[in-house]
1. Could you look through the stretch 245-283, keep only residues that are open to solvent by less than 10 Å² (accessible area, probe 1.4 Å) and touching a residue at least 60 places away in the same chain (Cβ under 8 Å), and pick out the one that is farthest from GLY130 (Cα to Cα)?
2. Quick one: is LYS64 surrounded by fewer than 14 Cβ atoms within 10 Å (Cβ to Cβ) and in a helix (DSSP H, G or I)?
3. Would you check if MET206 is outside the structural domain of ALA236 (by TED's automatic domain parsing), touching a residue at least 60 places away in the same chain (Cβ under 8 Å) and under 27 Å from SER33 (Cα atoms)?
4. Of the conditions (1) under 21 Å from the mean Cα position of the chain (by Cα); (2) surrounded by fewer than 24 Cβ atoms within 10 Å (Cβ to Cβ); (3) away from ligand 1 (no atom under 16 Å from the Cβ), SER197 satisfies every one except a single condition; which number is it?
5. Pick from ASN112, ASN22: which is at pLDDT 95 or above and within 12 Å of ligand 3 (Cβ to nearest atom)?
6. Which members of the stretch 47-61 meet the condition of being open to solvent by 10 Å² or more (accessible area, probe 1.4 Å) and assigned to a strand (DSSP E or B)?
7. Tell me which of these GLY77 doesn't satisfy, since it passes every other one: (1) within 14 Å of ligand 2 (Cβ to nearest atom); (2) crowded, with 24+ Cβ neighbours inside 10 Å.
8. Just checking, which of GLY177, GLY207 is within 16 Å of ligand 3 (Cβ to nearest atom) and open to solvent by 40 Å² or more (accessible area, probe 1.4 Å)?
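The values are calculated or read from the model by the stated rules, or taken from the named source; none is laboratory data. Note that the structure is predicted; figures quoted are calculated from it, not measured. Every residue, glycine among them, receives a Cβ derived from its backbone with ideal geometry; neighbour counts consider all protein chains shown. SASA here: full protein model, heavy atoms, side chains in, ligands and nucleic acids out. Shrake-Rupley method; radii C 1.70, N 1.55, O 1.52, S 1.80 Å.
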Amino acid sequence: MEDNNKPSYVVGSKSFTAVAINAAAKAGEWIKSRVGIYKELNTKLSPQDLVTEVDKGAEIMIRKLIKTHFPNHDFLGEESVEPGAKASAEAVAGYADSEYLWIVDPIDGTTNFVHGNPYFCVSIALAIKGELTVGVIYDPMHDEMFVAEKGKGAYVHGKPMSVSKETELSGSLLAIGYNPEREFALPNNMKGIAALSTRTRSLRAMGSAALHLAYVAAGRLTGYYEVGLNSWDVAAGVLLVKESGGQVTDTQGGPYHLAARHLAATNGHIHQELLQTLKEAEATGL
Ligand code: IPD
Ligand code: CA
Ligand code: CA
């Protein structure tokens with residue numbers, strides 16, 4: 001029998017997730033269709049910080065799709081913020097009291113997109129009262145949808161993910177990132193790479209912070225670290241890693257928060273060893 005007291009529409013976390021998946025899938029398909037035929041290539045903060053009309057168009061598309069369902073929610077998208085650490089920090093601070101905040105990177109891995117290298121993604125997160133609640137990362141070239149909900153685990157291809165089992169740095173596959181703010185990041189990277197390349201199984205730098213985090217969550221990488229990140233690069237991926245049983249902190253071991261810029265994400269087992277190595281190498285960025 002029909003329960004007449006039951007509301008016909010409940011805005012629960014399942015609906016948030018469904019909207020995030022739909023937006024990521026639609027934007028991802030369109031981005032994929034523009035590989036090799038984008039029209040405008042511009043630089044932002046540095047000659048390495050690239051943006052195309054596809055980044056901007058994808059962000060508009062995602063914003064519209066989200067706002068259609070949740071018109072009163074706040075939206076923080078990379079292409080709507082002035083480039084640079086200061087503007088990024090101010091944007092996050094401006095949403096400190098936000099009840100529902102969507103944090104979006106329309107293309108994470110724009111350099112790869114521009115070169116036709118199939119390693120980029122759409123990253124969409126929802127923070128409720130500052131707490132990451134939904135994280136969706138879609139890799140359109142490999143048709144991989146990574147989904148996490150707070151307290152409910154993380155999934156790829158609909159199957160639960162878990163982080164890898166390595167217990168020591170020496171058996172680990174780690175990823176690093178070449179942040180476009182070179183002046184600040186490169187000296188850190190050089191010290192980090194020098195220390196880690198002799199202590200790990202191997203290092204990778206595939207060019208998408210969000211996908212690196214999704215791969216840590218899926219157990220395909222043991223860990224990842226980078227200095228100089230922004231909230232939209234990592235918000236969805238942080239939830240994926242945590243919900244897959246991994247650990248995310250800043251590079252000194254402090255708790256993750258939306259304004260954190262220098263991050264380490266691992267399977268948990270190697271976390272302290274990674275942090276210690278970064279500390280000894282003076283590569284924490286802090
Ligand atoms: C960049 C990518 C890259 C990372 C940079 C990010 P974008 O994002 O995630 O892998 O090293 O720090 O800025 O510019 O492609 O969205
Ligand atoms: Ca990014
Ligand atoms: Ca981007």
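1. Selected residue: THR277.
2. It is true that LYS64 is surrounded by fewer than 14 Cβ atoms within 10 Å (Cβ to Cβ) and in a helix (DSSP H, G or I).
3. Working: outside the structural domain of ALA236 (by TED's automatic domain parsing): no; touching a residue at least 60 places away in the same chain (Cβ under 8 Å): yes; under 27 Å from SER33 (Cα atoms): yes.
The answer is no for MET206.
4. (1)
5. Values: ASN22 fails: within 12 Å of ligand 3 (Cβ to nearest atom).
The conditions single out ASN112.
6. Of the stretch 47-61, the ones open to solvent by 10 Å² or more (accessible area, probe 1.4 Å) are 47-50, 53, 56-57, 60-61.
Within the stretch 47-61, LEU50 is the sole residue that qualifies.
7. Failing condition for GLY77: (2).
8. On the way: GLY177 fails: open to solvent by 40 Å² or more (accessible area, probe 1.4 Å).
Of the residues listed, the single one that is within 16 Å of ligand 3 (Cβ to nearest atom) and open to solvent by 40 Å² or more (accessible area, probe 1.4 Å) is GLY207.
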